[in-house]
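Enquirer: After the structure tokens below, expect a handful of questions from me.
The values are calculated or read from the model by the stated rules, or taken from the named source; none is laboratory data. What you see is a predicted model; the values in this text were computed from it and never measured. Every residue, glycine as well, gets a Cβ built from its backbone with ideal geometry; the counts of neighbours run over all protein chains shown.
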Amino acid sequence: MNITITFRNRRNPFIPIEAEMITPDAFFNNKEICVGEGNRMVHLTELADVGIDGTASSVDEIEILIRGDAALVKRVGEYMTGGKITIEGNIGMHCGNFMSGGKIEIHGSADGWLGREMKGGEIICHENAGDYCASGYRGGRRGMRGGSVEVFGSVGDFTCEHIAGGEVMIHGNTGDFACAEMKGGIVTIFGDTSRVCANMSGGTCYVYGSAVEMIPTFEKKGTISHDGLLFHHFRGDVANRGNGDLYTVRFTYLQ
Amino acid sequence: MAEILLKNAYVIDPISGINGEVMDIAISGSRIVEDASPHSEVIDCQGLLTLPGGIDSHTHTSGTKVNFGRYMSPEDMRAGRTSKKGHMHITSGYSVPTTYGNSYRYSALGYTSLVEGAMAPLEARHTHEEFKFTPLQDSFANALFDGNWGMLRAFEDGDIKRAAAIIAWTLTAVKGFAIKLTNPGGTEAWGFGKNISCINETIPTFDLTPAEIIKGAIKANELLHLPHSVHLHCNNLGTPGNFSCTIGTFGHVPDVNDKRQSLYATHVQFHSYGGSGWGDFCSKSEPVANMVNFRPQIVIDMGQVMFGRTTTMTADGPMEFNLYRLHHDKWSNHDVELETGSGIIPVNYRRKNLVNSIMWAIGLELALLVKSPWQCLLTTDNPNGAPFVKYPEIIALLMSKKYRDAEFETVHQDTEKRVPLPAIERELDWHDIAVMTRAGQARALGIIDLGKGHLSPGAEADIAIYPIKPDEIDPSAEYEKIIQGFAQTEYTIKRGRIVSRRGDAIIDGENTTFWVKPKVPAAYDMQHDTVFQELFERYYSVRMSNYPVQEEYLHRNHCIETETDL
């Protein structure tokens with residue numbers, strides 16, 4: 001089943017839309033798709049043209065295509081368990097929260113909290129992602145627990161905070177405090193990063209670029225060759241009695 | 001003016017001396033009156049249990065640390081969501097719900113007044129803001145003085161009158177209701193990375209011991225004639241063997257007030273531990289309860305622990321740090337300039353944990369071993385021991401030996417060797433429960449004269465009607481019915497209006513904040529005291545003129561003016 005959702009131009013394009021019902025699961029179960037525009041609940045068709053083509057015998061056969069201005073459409077793909085969502089442009093915050101299966105592909109950029117606390121499935125973002133990509137919620141104990149996230153651009157601050165499982169690849173740079181409180185999983189950062197892996201207790205992080213303002217409480221274990229490059233190997237965070245591995249090509253401590 | 005006539009109510013009103021009389025209650029406006037007008041709306045109570053509105057004398061529902069508990073625990077916020085329904089706002093949270101969540105759930109339990117157990121004076125505005133959005137309960141705030149430098153300096157100089165003047169100025173400035181001491185001296189020492197282990201140990205920054213602070217505060221409290229006594233959270237909370245410290249503290253309390261107690265010791269369960277470490281941890285509720293039985297000048301509350309997830313929050317910073325070292329989980333720590341500190345940690349009390357099981361037993365033992373229900377009030381130190389929604393279960397445990405035994409079967413098997421609970425046969429009756437949940441609180445807080453906690457003509461029309469017919473239930477056998485009955489009132493009436501019906505809030509409501517204003521003579525007015533002004537200029541991050549909470553900041557409020565002996 002192919003579903004095309006085309007968001008129309010709105011009179012006030014600055015009002016955010018809460019769209020946790022845009023998931024393959026909701027369409028598969030024939031639910032009435034309602035979204036919140038500001039403080040009112042409306043039917044999705046009031047804001048977007050929805051075209052449905054074909055039928056599906058399982059949730060995995062559903063493909064949703066989102067077109068138009070979706071930069072303020074939040075929570076798309078929340079709790080999804082299967083199927084595919086493709087977004088032609090940008091997408092708003094909290095895309096793919098708690099997802100446990102299926103695939104989300106974003107051709108533009110994603111706002112904050114992409115793949116927050118996800119348990120499985122796959123997210124690909126072709127441009128940048130905002131803060132808290134693949135992280136947990138503020139005050140939470142565990143962030144992403146499984147699945148994979150790949151971002152071809154750069155990401156904001158607190159990327160992979162509290163990550164406890166799964167795999168994340170960032171092709172660009174990250175902001176401050178990437179992988180803070182990391183507990184598990186594998187994170188690969190191809191660009192530069194800052195204050196990486198603060199208070200980590202487990203997991204593995206590779207930094208192909210430069211780790212600036214390295215946290216001083218990491219134990220240096222030597223160098224290893226990986227992927228044709230020489231990486232410095234750190235273990236820590238010692239301050240947290242941590243057992244995580246941090247590999248970085250270059251690093252500088254805070255001056 | 002709304003007029004209501006409650007017919008055939010089975011009334012228990014300990015303050016008026018009514019115990020189980022089927023009678024009519026007439027309400028006119030916000031007050032209970034002698035005779036009903038013919039235009040009254042008549043509610044036939046059909047013999048249902050009718051009590052004065054519940055009063056929680058120690059709870060944490062409003063203020064900065066409560067709010068921090070909310071945002072450090074998203075999992076807690078996800079645990080108790082309800083959607084908008086009629087007049088009810090959206091709520092969320094289980095152990096630290098949103099303000100409306102607290103208000104609606106307390107109202108469903110029949111509670112109409114709440115005392116915020118610990119308000120940092122500097123952060124009073126936040127507490128008052130949250131009071132405003134807890135609309136179905138009247139609010140009182142205990143202001144923290146445990147590390148107040150001005151007061152401690154005055155004690156150091158032996159000048160109790162000056163200390164009283166500083167307390168008076170601060171209470172008036174922050175619109176507080178009573179003096180709260182949390183780990184006196186210990187929280188102040190924590191500002192320098194230390195703690196106090198004994199009431200006779202000198203604190204690092206002042207030449208004072210906790211015992212001197214407590215005695216000084218009790219004297220100052222009486223000089224100001226405050227309605228409530230000093231509200232004390234003893235030193236060494238949660239430490240094995242701390243019962244000796246608690247008993248020592250109680251031993252210092254003089255009997256100085258004939259209307260009420262001289263000291264209110266809160267969540268005493270956490271202060272009744274024996275043993276020298278976690279290995280030989282045991283209950284010492286018996287000596288503590290005996291001490292209370294011998295000293296009518298002391299009132300305690302239980303601070304009952306119930307099993308399940310909750311959040312601990314207290315101004316006792318060093319204690320929370322010790323908890324953090326035990327759990328190694330989330331922890332918040334906060335210092336409030338010259339006044340106090342705080343800490344927050346989420347916890348999970350488990351039946352299979354021996355220490356938790358013993359804690360559970362101690363709270364019940366205190367309530368059963370203290371002979372007079374007026375001296376041991378029912379609380380969980382919400383949310384430290386358990387969220388207040390567990391109150392009905394606690395009532396059932398106190399009323400039914402059978403239920404206690406059934407629950408005891410499910411806790412850690414070694415608990416039996418460490419606690420006296422299985423040997424206690426006492427079962428509380430309806431009257432005892434009415435005392436422990438409203439009348440006792442009203443007397444301890446000194447608010448009977450304000451029309452709280454009783455149903456005689458002239459009293460505030462705060463009434464809870466529970467779907468329980470006391471004559472038809474045997475509480476010791478049918479404890480399930482007790483739990484159900486106390487979990488949801490048939491009607492909760494607040495200031496003459498029905499605010500809650502079968503668990504749903506039906507009006508928006510508007511509460512009153514009670515605060516005290518001791519009438520201090522000009523010589524003791526700290527507003528114009530140069531030494532006090534210098535203290536502010538030198539150490540506080542705010543100016544003295546910006547410190548007081550403006551009266552406009554409170555919405556509906558009632559100022560209790562007291563005469564002083566200064």
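Enquirer: Among what's in the stretch B:461-481 and is in contact with a helix residue (DSSP H, G or I) (Cβ under 7 Å, 6 or more places away or on another chain) and assigned to a loop (DSSP other than H, G, I, E, B), pick the residue that is nearest to B:R105 (Cα to Cα). If you could, list the steps in order and put the result at the bottom.
Expert: Here is the first cut: in the stretch B:461-481, the residues in contact with a helix residue (DSSP H, G or I) (Cβ under 7 Å, 6 or more places away or on another chain) are B:466-468, B:470, B:473, B:475-477, B:479.
Add one more test, that the residue is assigned to a loop (DSSP other than H, G, I, E, B), and what stays is B:467-468, B:473, B:475-477.
On the way: B:P467: 16, B:I468: 19, B:I473: 25, B:P475: 24, B:S476: 26, B:A477: 27 Å.
Across the stretch B:461-481, the extreme among qualifying residues is B:P467.
Enquirer: Of the numbered conditions (1) out of contact with any strand residue (DSSP E or B) (no Cβ under 9 Å at 6 or more places or on another chain); (2) touching a residue at least 40 places away in the same chain (Cβ under 8 Å); (3) among the charged types (D, E, K, R), B:D159 satisfies every one except a single condition; which is it?
Expert: In the conditions (1) out of contact with any strand residue (DSSP E or B) (no Cβ under 9 Å at 6 or more places or on another chain); (2) touching a residue at least 40 places away in the same chain (Cβ under 8 Å); (3) among the charged types (D, E, K, R), B:D159 misses (2) alone.
Enquirer: Please pick out the residue among A:E37, A:E88 that is among the acidic types (D, E), closer than 26 Å to A:S148 by Cβ and touching a residue at least 12 places away in the same chain (Cβ under 8 Å). Don't jump to the end; show me each part of the working.
Expert: Values: A:E37 fails: closer than 26 Å to A:S148 by Cβ.
Unique residue meeting the criteria: A:E88.
Enquirer: Of everything in the stretch B:303-325, what is closer than 18 Å to B:Y273 by Cβ and of a type in the set (V, I, T)? Give them in sequence order.
Expert: B:V305, B:T312, B:T314, listed by residue number.
Enquirer: Check every one of the helices (runs of 4 or more DSSP H) wholly within the stretch B:401-460 and list those with 2 or more residues that are more than 30 Å from B:A477 (Cβ to Cβ).
Expert: Details: elements: B:401-408, B:415-418, B:430-434, B:440-445.
Filter on the stretch B:401-460 gives B:440-445.
Enquirer: Pairs needed: first member in the stretch A:119-133, within 17 Å of A:F177 (Cβ to Cβ); second member anywhere, surrounded by fewer than 19 Cβ atoms within 10 Å (Cβ to Cβ) and at pLDDT below 95; C-beta distance under 9 Å; at least 6 residues apart or different chains.
Expert: These pairs meet every condition: A:Y132/A:R138.
Enquirer: Condition first: closer than 21 Å to B:P387 by Cα and out of contact with any Gly (no Cβ under 6 Å at 6 or more places or on another chain). Now tell me which residues in the stretch B:273-314 satisfy that. Show your work before the answer.
Expert: Taking the stretch B:273-314 as the starting set, the residues that turn out to be closer than 21 Å to B:P387 by Cα are B:300-314.
Result: B:I300, B:D301, B:M306, B:F307, B:G308, B:R309, B:T310, B:T312, B:T314.
Enquirer: Identify all residues within the stretch B:482-525 that are among the polar types (S, T, N, Q) and in a loop (DSSP other than H, G, I, E, B); write none if there are none. Walk me through it before giving the result.
Expert: Within the stretch B:482-525, the first condition is being among the polar types (S, T, N, Q), and the residues that meet it are B:484, B:488-489, B:492, B:500, B:511-513.
B:Q488, B:T489, B:N511, B:T512, listed by residue number.
Enquirer: Checking B:N142 against (1) more than 14 Å from every other protein chain (Cβ to nearest Cβ); (2) buried (at least 22 other Cβ atoms within 10 Å of the Cβ); (3) assigned to a helix (DSSP H, G or I), only one condition comes out false. Which one?
Expert: Among (1) more than 14 Å from every other protein chain (Cβ to nearest Cβ); (2) buried (at least 22 other Cβ atoms within 10 Å of the Cβ); (3) assigned to a helix (DSSP H, G or I), B:N142 violates only (3).
Enquirer: Condition first: more than 30 Å from B:K180 (Cα to Cα) and in contact with a Ser or Thr (Cβ under 9 Å, 6 or more places away or on another chain). Now tell me which residues in the stretch B:36-59 satisfy that.
Expert: Within the stretch B:36-59, B:A36, B:S37, B:S40 qualify.
Enquirer: What number of residues within the stretch A:22-44 satisfy the criterion of being surrounded by 12 or more Cβ atoms within 10 Å (Cβ to Cβ) and over 25 Å from the mean Cα position of the chain (by Cα)?
Expert: 2
Enquirer: If you take just the strands (runs of 3 or more DSSP E) that sit entirely in the stretch B:253-364, which of them hold at least 1 residues that are within 14 Å of chain A (Cβ to nearest Cβ)?
Expert: Numbers: elements: B:263-265, B:298-301, B:308-314, B:332-336, B:340-349.
In the stretch B:253-364, the matching strands (runs of 3 or more DSSP E) lie at B:308-314, B:332-336, B:340-349.
Enquirer: Only one of these conditions is not met by A:G140: (1) outside any strand (DSSP E or B); (2) buried (at least 21 other Cβ atoms within 10 Å of the Cβ). Which number is it?
Expert: Unmet for A:G140, out of (1) outside any strand (DSSP E or B); (2) buried (at least 21 other Cβ atoms within 10 Å of the Cβ): (2).
Enquirer: Of the residues B:E416, B:E427, which is without any contact (Cβ under 8 Å) to a residue 40 or more places away in the chain and over 30 Å from B:E75 (Cβ atoms)?
Expert: Numbers: B:E427 fails: without any contact (Cβ under 8 Å) to a residue 40 or more places away in the chain.
Being without any contact (Cβ under 8 Å) to a residue 40 or more places away in the chain and over 30 Å from B:E75 (Cβ atoms) holds for just one of B:E416, B:E427, which is B:E416.
Enquirer: Scan the stretch B:337-344 and give yes if some residue there is in contact with a strand residue (DSSP E or B) (Cβ under 8 Å, 6 or more places away or on another chain), of a type in the set (A, V, I, L, M) and crowded, with 17+ Cβ neighbours inside 10 Å, otherwise no. Lay out the reasoning, then the answer.
Expert: Of all residues in the stretch B:337-344, those in contact with a strand residue (DSSP E or B) (Cβ under 8 Å, 6 or more places away or on another chain) come to B:339-344.
The next check asks that each one be of a type in the set (A, V, I, L, M); those that pass are B:344.
Those still in the list that are crowded, with 17+ Cβ neighbours inside 10 Å too: B:344.
Scanning the stretch B:337-344, I find at least one residue that is in contact with a strand residue (DSSP E or B) (Cβ under 8 Å, 6 or more places away or on another chain), of a type in the set (A, V, I, L, M) and crowded, with 17+ Cβ neighbours inside 10 Å, so the answer is yes.
Enquirer: Additional query: Identify the residue in the stretch A:143-164 that is surrounded by fewer than 24 Cβ atoms within 10 Å (Cβ to Cβ) and among the hydrophobic types (A, V, I, L, M, F, W, C) and, among all such residues, is farthest from the other protein chains (Cβ to nearest Cβ). Working first, answer last.
Expert: So the first thing to find is which residues in the stretch A:143-164 are surrounded by fewer than 24 Cβ atoms within 10 Å (Cβ to Cβ), and the list is A:145-146, A:148, A:150, A:152-154, A:156-157, A:164.
Now restrict to residues that are among the hydrophobic types (A, V, I, L, M, F, W, C): A:152, A:164.
Numbers: A:F152: 29, A:A164: 14 Å.
Only one residue tops the list, namely A:F152.
Enquirer: Also, I was wondering about something else. Just name the residue that is surrounded by the fewest Cβ atoms within 10 Å (Cβ to Cβ) out of those in the stretch A:113-136 that are in contact with a Phe, Trp or Tyr (Cβ under 8 Å, 6 or more places away or on another chain) and within 13 Å of another protein chain (Cβ to nearest Cβ).
Expert: A:E117
Enquirer: Is there a residue being assigned to a loop (DSSP other than H, G, I, E, B), within 14 Å of another protein chain (Cβ to nearest Cβ) and touching a residue at least 12 places away in the same chain (Cβ under 8 Å) anywhere in the stretch A:95-105? Don't jump to the end; show me each part of the working.
Expert: Taking the stretch A:95-105 first, the residues assigned to a loop (DSSP other than H, G, I, E, B) are A:95-102.
Among the residues that remain, those that are also within 14 Å of another protein chain (Cβ to nearest Cβ) are: A:97-98.
Those left that are additionally touching a residue at least 12 places away in the same chain (Cβ under 8 Å): A:97-98.
Yes - at least one qualifying residue is present in the stretch A:95-105.
Enquirer: Looking for whichever is buried (at least 24 other Cβ atoms within 10 Å of the Cβ) and among the acidic types (D, E) here; the options are B:E320, B:E286. Which one fits?
Expert: On the way: B:E286 fails: buried (at least 24 other Cβ atoms within 10 Å of the Cβ).
That would be B:E320, the only listed residue that is buried (at least 24 other Cβ atoms within 10 Å of the Cβ) and among the acidic types (D, E).
Enquirer: What single numbered condition from (1) touching a His at 6+ places or on another chain (Cβ under 8 Å); (2) outside the structural domain of A:N199 (by TED's automatic domain parsing); (3) buried (at least 17 other Cβ atoms within 10 Å of the Cβ) fails to hold for A:M93?
Expert: Of everything listed in (1) touching a His at 6+ places or on another chain (Cβ under 8 Å); (2) outside the structural domain of A:N199 (by TED's automatic domain parsing); (3) buried (at least 17 other Cβ atoms within 10 Å of the Cβ), A:M93 misses just condition (1).
Enquirer: Keeping to the stretch B:268-279, report how many residues are under 21 Å from B:R325 (Cβ atoms) and surrounded by 24 or more Cβ atoms within 10 Å (Cβ to Cβ).
Expert: Initially, the stretch B:268-279 is screened for residues under 21 Å from B:R325 (Cβ atoms), giving B:270-271, B:273, B:275-279.
Those left that are additionally surrounded by 24 or more Cβ atoms within 10 Å (Cβ to Cβ): B:270-271, B:273.
The total comes to 3.
Enquirer: Considering only helices (runs of 4 or more DSSP H) fully contained in the stretch B:25-121, which possess at least 3 residues that are away from every other protein chain (no Cβ under 14 Å) and surrounded by 24 or more Cβ atoms within 10 Å (Cβ to Cβ)? Can you show your working first?
Expert: Details: elements: B:64-71, B:74-79, B:99-108.
The helices (runs of 4 or more DSSP H) meeting that bar are B:99-108.
Enquirer: Okay, moving on. Just the residues that are under 21 Å from the mean Cα position of the chain (by Cα) and within 18 Å of B:T182 (Cα to Cα), please, taken from the stretch B:243-260. Don't jump to the end; show me each part of the working.
Expert: Taking the stretch B:243-260 first, the residues under 21 Å from the mean Cα position of the chain (by Cα) are B:243, B:246-247, B:249-250, B:253, B:257, B:259-260.
B:F243, B:T246, B:I247, B:T249, B:F250, B:V253, listed by residue number.
Enquirer: Next question. Working carefully through the options B:I506, B:I473, B:I498, find the one that is more than 26 Å from B:T562 (Cβ to Cβ), without any contact (Cβ under 8 Å) to a residue 60 or more places away in the chain and among the β-branched types (V, I, T). Lay out the reasoning, then the answer.
Expert: Numbers: B:I506 fails: without any contact (Cβ under 8 Å) to a residue 60 or more places away in the chain; B:I498 fails: without any contact (Cβ under 8 Å) to a residue 60 or more places away in the chain.
Being more than 26 Å from B:T562 (Cβ to Cβ), without any contact (Cβ under 8 Å) to a residue 60 or more places away in the chain and among the β-branched types (V, I, T) holds for just one of B:I506, B:I473, B:I498, which is B:I473.
Enquirer: Here is a further query. Which residue, of B:V411, B:V435, is over 16 Å from the mean Cα position of the chain (by Cα), of a type in the set (A, V, I, L, M) and under 27 Å from B:Y273 (Cα atoms)?
Expert: Being over 16 Å from the mean Cα position of the chain (by Cα), of a type in the set (A, V, I, L, M) and under 27 Å from B:Y273 (Cα atoms) holds for just one of B:V411, B:V435, which is B:V411.
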